[in-house]
Amino acid sequence: MLTVPEAARRAKRDPETVRRWIRSGRLRATRVGTQHMIDEADLAEVAEDQLVLPLPVGWRRTATHGPMPNVIAAIRASRTGR
């Protein structure tokens, strides 16, 4: 379990951004006294989602009307094991 400042350091974000994720419901957290405690797996899931901006509607299909390949996932997969 991580506190908000610890979670912010791991996600390389401002602590207020992490608090905003909690308030909006994007990030699950448990209150212990006055502090929010965040599970590491929940933080990893939210932080990963925040790295990639959504594609505009017109860019979601290729010229042949097939789905766009997930280039980010391909790059990440190619870098694992280095």
*Does residue 29 meet the test of being without any contact (Cβ under 8 Å) to a residue 40 or more places away in the chain and in contact with a His (Cβ under 8 Å, 6 or more places away or on another chain)?*
yes
*Scan 61, 28, 19 and give me the residue that is of a type in the set (Lys, Arg) and surrounded by fewer than 14 Cβ atoms within 10 Å (Cβ to Cβ).*
61
*List every residue pair whose Cβ atoms sit under 7 Å apart, with the two residues 6 or more apart in sequence or on different chains, where the first one lies in region 45-68 and is at pLDDT 70 or above and the second, anywhere, is surrounded by fewer than 10 Cβ atoms within 10 Å (Cβ to Cβ) and not hydrophobic (A, V, I, L, M, F, W, C).*
61/67
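The values are calculated or read from the model by the stated rules, or taken from the named source; none is laboratory data. In this text the structure is predicted, and so the values were computed from the model without any measurement. Don't worry about glycine lacking a Cβ; one is built from the backbone with ideal geometry, like all the others, and counts go over all protein chains shown.
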